[in-house]
Amino acid sequence: MKTRKKRKFKKRYWLLIDLAVAMVIFALLLYKPARYKPPDAIPAGNNQREVSPYLTNVLLPQLHNGAQRDEPFEMVVTQKGINEIIAWSKWPKESEGVTFTAPVVFFAPDNIELMGTANIKGVDLVISVMAEPRLDEEGLLNLHVTKVKIGAMNITPVARMIAKRMYAERLETMPIDREDLRTQIAASLLNDEPFEPVFDIADIFENERKKLRIEKVTIQKEKLTLRLAPAS
């Protein structure tokens with residue numbers, strides 16, 4: 001009888017431990033950082049514009065005027081401005097049953113953090129991705145992901161495995177233009193592949209045929225500075 005009681009006690013003991021661990025994991029997953037404040041929805045009357053004033057009135061003039069000089073120049077992007085651009089896009093977005101709200105970008109010394117909410121079957125999870133842009137000796141840029149979290153739980157190793165598998169499957173199943181800058185950025189984020197940071201401003205200004213190269217990336221608190229130079 002004593003042995004049987006001890007076994008029951010041990011089972012209950014381990015059941016309580018398992019329950020406590022599950023509750024802690026659940027709490028970590030549902031954690032919402034205090035600094036994370038999703039942007040307000042754009043008023044309905046402005047939905048047709050779809051482009052933020054910061055983009056049209058600040059960034060594009062910086063880019064156009066700098067490109068005209070045919071010499072290296074610096075382009076400054078503020079944290080507040082980039083978040084305005086994101087907020088003015090169409091949100092929420094849905095993919096495979098998961099609904100994403102507009103993410104928020106944070107600039108800190110040497111790194112960029114992207115934080116957003118994913119709604120999965122009615123449960124809101126805050127996902128954080130931290131990346132460090134790195135330029136190597138050959139001038140190739142890599143957007144190295146250093147940390148991925150759901151709530152307060154660090155899932156970086158698992159996220160890296162899943163990202164690499166997704167990227168490999170996409171290459172096998174879909175025709176992809178490896179020279180497209182968007183594809184190269186995705187490959188860098190998902191598979192840690194460096195790429196040549198050159199873009200054609202003809203994609204932005206129809207009457208321009210110039211190419212620019214990112215020569216330096218400087219990230220400070222709430223500010224990102226790009227050094228751009230003409231590229232052949």
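Its DSSP H runs of at least 4 residues, each contributing -39,500 (n - 2.57), put the calculated 222 nm mean residue ellipticity of the chain at -11000 deg cm²/dmol, to the nearest 500.
The length gained by stretching the chain between ALA108 and ALA152 to full extension, at 0.36 nm per residue less their Cα-Cα distance, is 14.0 nm. 3J(HN,Hα) couplings calculated from phi for the stretch 136-143 with the Karplus curve 6.51 cos²θ - 1.76 cosθ + 1.60 (θ = phi - 60°) are, in sequence order, 8, 5, 8, x, 7, 9, 10, 8 Hz; Gly and Pro show x. Look at LEU212, LEU15, LEU140 and count the other Cβ atoms within 10 Å of each Cβ; fewest to most, that gives LEU15, LEU140, LEU212. 3J(HN,Hα) along the stretch 65-74, derived from phi through the Karplus expression 6.51 cos²θ - 1.76 cosθ + 1.60 where θ = phi - 60°, amounts to 5, x, 5, 5, 7, 6, 8, x, 8, 10 Hz, with x in place of Gly and Pro.
Can you give the local net charge around LYS211? Use residues other than it whose beta-carbon is closer than 11 angstrom to its beta-carbon, Lys and Arg +1, Asp and Glu -1. Every neighbour counted, the sum reads -1. From the largest down, the stretch 31-230 spans 51, 42, 35 angstrom on the principal axes of its Cα atoms. Taking square-rooted eigenvalues a ≥ b ≥ c of the alpha carbon gyration tensor, is the stretch 134-195 rounded, prolate or oblate, where a/c under 1.5 means rounded and, failing that, a/b exceeding b/c means prolate? Here the stretch 134-195 falls in the oblate category.
Throughout, read-outs are computed from the coordinates displayed, never taken from laboratory work. Bear in mind the structure is a predicted one, so any value in this text is a computation, not a measurement. We place every Cβ from the backbone using ideal geometry, glycine too, and count neighbours over all the protein chains shown.
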